[in-house]
Amino acid sequence: MQPDRPGFPADPQAGTVLVDEVKVTPLEGDRGTRISRRITLPVLLPRWVWFQSDPIPNNEQTRQQLIAEYQRIWDAVQQKKVPQVLPLFTERNKELAAAFYRSEREMAQKSAQLSENPALSRYPLEPEDSVLVVFGGGRLAKLTRWDGNPMIAFNYADGSGSETFDLIFRKSGTRWIIIR
């Protein structure tokens with residue numbers, strides 16, 4: 001392996017990319033040639049917490065539990081009490097900060113700004129039409145609207161468009177935790 005090839009970082013903080021030489025192997029019976037090269041990249045992201053989360057049943061009880069979580073957040077937005085629910089986003093903000101090389105504070109501010117924007121009006125939650133989506137090997141869940149759009153939505157007052165806020169949960173015991 002040859003580290004420090006042109007165009008690849010040699011900085012130990014960024015991680016060294018290792019690139020093998022090109023390997024050329026003729027295929028049997030004049031069927032062509034196989035060309036390969038192994039590239040080793042460092043994984044600089046942490047192991048995400050949700051990989052060890054509890055399995056989530058894909059059933060009506062789960063859907064109802066998540067409706068209650070969404071409703072709690074929606075009520076805080078409606079009553080302009082977003083700071084009361086910001087602690088629910090702690091794990092999400094921590095992991096997104098690591099993924100996007102930002103601070104947790106920056107991620108928290110982005111969450112709060114959407115609900116405080118006077119140019120946006122809240123779109124009704126409509127939990128009765130929600131659809132439960134369980135994914136990530138059965139360890140992540142969210143609710144969507146009947147059309148697949150996120151449940152939390154805001155429309156621009158001037159009719160120019162909308163903003164949506166997708167919430168993805170994991171489960172730990174009886175607690176639902178916002179992870180994305």
- [ ] Output the number of the condition that Phe100 fails; it satisfies all remaining conditions of (1) within 18 Å of the chain's Cα centre (by Cα); (2) open to solvent by less than 90 Å² (accessible area, probe 1.4 Å); (3) of a type outside the set (D, E, K, R).
- [x] (2)
Open item on the list: Checking the structure you have, find out if any residue of region 89-96 is touching a residue at least 12 places away in the same chain (Cβ under 8 Å), surrounded by 18 or more Cβ atoms within 10 Å (Cβ to Cβ) and aromatic (Phe, Trp, Tyr).
Closed with: yes
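Going through region 150-180 one residue at a time, which ones are in a loop (DSSP other than H, G, I, E, B) and closer than 24 Å to Pro55 by Cα?
Initial filter on region 150-180 (in a loop (DSSP other than H, G, I, E, B)): 151, 157-161, 166-168, 173-174, 179-180.
Of everything in region 150-180, those that are in a loop (DSSP other than H, G, I, E, B) and closer than 24 Å to Pro55 by Cα turn out to be Met151, Asp166, Leu167, Ile168, Gly173, Thr174, Ile179, Arg180.
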TODO: Identify the single condition in (1) touching a Leu at 6+ places or on another chain (Cβ under 8 Å); (2) in a loop (DSSP other than H, G, I, E, B) that Val134 does not satisfy, given that it satisfies every other one.
DONE: (2)
Task: Filter result (touching a Ser or Thr at 6+ places or on another chain (Cβ under 9 Å) and free of Cβ contacts under 8 Å to residues at least 60 places away in the same chain) within region 120-130 - done: Leu120, Arg122, Tyr123
TODO: Filter region 15-74 for residues that are more than 21 Å from the chain's Cα centre (by Cα), at pLDDT below 90 and of a type in the set (Lys, Arg) and give the result.
DONE: Arg31
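The values are calculated or read from the model by the stated rules, or taken from the named source; none is laboratory data. These figures come from a predicted structure and were not determined experimentally. Don't worry about glycine lacking a Cβ; one is built from the backbone with ideal geometry, like all the others, and counts go over all protein chains shown. Heads up: the accessible areas ignore ligands, DNA and RNA and are worked out on the full protein's heavy atoms, side chains in. Shrake-Rupley method; radii C 1.70, N 1.55, O 1.52, S 1.80 Å.
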